[in-house]
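K.L.:
Before anything else, here's the structure in question.
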Amino acid sequence: MIKNAFKISIVFTVFILFLFYIAISTAWFGISTGVGGDFCEAARNGLIKQPANSYSNIGFLISGLACAWILSHKEIDKSGAFFKHPFIPLFYCLITILLGPCSMAMHATETALGGLFDMNSMYLFGSFMFAFALARYYKLHSFVFVILYFSSVFLCNYAGTFKTVFGYNFFPGSAAFGVVCVLGMLFEILNYKKNKPDIQFKYAIYCSLSFLVGFSVWQFGYDGHCFCNPNSLFQWHGVWHLLCALSTYFLFQFYISEKTPE
């Protein structure tokens, strides 16, 4: 499975992009209602409403394919927890690739359904961080990891059905994403302190920094911000996408760097 990871990922990418093109060209996502329109970039005519915020998600495709290429073509020590089951590293590559079209869905269509896909792109990534960190820390079976992963995605989606918290206007879906990411980071640190794995922790730092810098510049990409230029092809929200894609690559490097002594 790992040997063919790149071929599988290429086929998956082509298939997903083809489905995405069919979906937007047939208006499967529904009528544009301006969802995501507050991320600075002005809506254009045509299939892609926000080109910069949409095409910047290609970074996820590149990251996922790069990870898959490394799995298939590089000599890697596969004694670490990431390779406990050959399904897990391939699953990570496919999830990373899927983040791109999921996030594109909202920015390309500005529809409610597109917004749901966009939120799930965040849940897919955060839930992997959390579920794998938890599984590694407690040395859980790969099957338990899968259960934890999909349970986390489900709970994040459930949190996203609420619009207020204790009467305050707040989106719990975003909070759920933040919680799973923070918990994932926390369990990685706990695992590093407790089990002292032979792993290059610098990649975890690079991953976190990429994400945190991306989250910081995300704040610049809203309507009305002094850095917002709606008609520009440079968009701060697009930078957020690219930095998040970079963080997925660093996280992959962190996972594959682990070595278990014989």
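K.L.:
Any residue at all in the stretch 56-69 that's more than 19 Å from the chain's Cα centre (by Cα) and outside any helix (DSSP H, G or I)?
P.N.:
no
K.L.:
Let me ask something else. So, in the stretch 62-109, exactly how many residues are in contact (Cβ under 8 Å) with a residue 40 or more places away in the chain and farther than 15 Å from Tyr21 by Cα?
P.N.:
The number of residues fulfilling the criteria is 33.
K.L.:
If you scan the stretch 45-55, which residues turn out to be surrounded by 13 or more Cβ atoms within 10 Å (Cβ to Cβ) and part of a loop (DSSP other than H, G, I, E, B)?
P.N.:
Those that are surrounded by 13 or more Cβ atoms within 10 Å (Cβ to Cβ) and part of a loop (DSSP other than H, G, I, E, B): Leu47, Ile48, Lys49, Gln50.
K.L.:
Something else now. For the stretch 95-112, which positions are crowded, with 21+ Cβ neighbours inside 10 Å and within 13 Å of the chain's Cα centre (by Cα)?
P.N.:
Thr96, Ile97, Leu98, Leu99, Gly100, Pro101, Cys102, Ser103, Met104 - these are the residues of the stretch 95-112 that are crowded, with 21+ Cβ neighbours inside 10 Å and within 13 Å of the chain's Cα centre (by Cα).
K.L.:
What's the total number of residues in the stretch 151-203 that are closer than 21 Å to Asp118 by Cβ, surrounded by 14 or more Cβ atoms within 10 Å (Cβ to Cβ) and modelled with pLDDT of 85 or more?
P.N.:
Residues meeting the conditions: 12.
K.L.:
I've got another one for you. Can you pull out the residues in the stretch 1-25 that are surrounded by 18 or more Cβ atoms within 10 Å (Cβ to Cβ), closer than 19 Å to Asn57 by Cβ and hydrophobic (A, V, I, L, M, F, W, C)?
P.N.:
Answer for the stretch 1-25, where residues must be surrounded by 18 or more Cβ atoms within 10 Å (Cβ to Cβ), closer than 19 Å to Asn57 by Cβ and hydrophobic (A, V, I, L, M, F, W, C): Phe12, Phe20, Ala23, Ile24.
K.L.:
Considering only residues that are surrounded by 22 or more Cβ atoms within 10 Å (Cβ to Cβ) and within 17 Å of the chain's Cα centre (by Cα), which ones fall in the stretch 134-148?
P.N.:
Across the stretch 134-148, there are no qualifying residues.
K.L.:
Among the residues of the stretch 221-259, how many are on the phi < 0 side of the Ramachandran plot and free of Cβ contacts under 8 Å to residues at least 24 places away in the same chain?
P.N.:
Counting residues in the stretch 221-259 that are on the phi < 0 side of the Ramachandran plot and free of Cβ contacts under 8 Å to residues at least 24 places away in the same chain gives 2.
K.L.:
Right, something else. Collect the residues in the stretch 214-241 that are assigned to a helix (DSSP H, G or I) and either modelled with pLDDT under 90 or within 19 Å of Leu99 (Cα to Cα) (or both), keeping them in residue-number order.
P.N.:
Passing the criteria: Gly214, Phe215, Trp218, Gln219, Gly221, Trp236, His237, Gly238, Val239, Trp240, His241.
The values are calculated or read from the model by the stated rules, or taken from the named source; none is laboratory data. Quick caveat: nothing in here was measured; it's all calculated off a predicted structure. Methodologically, a virtual Cβ is constructed for each residue, glycine included, from the backbone with ideal geometry; neighbour enumeration extends over all protein chains shown.
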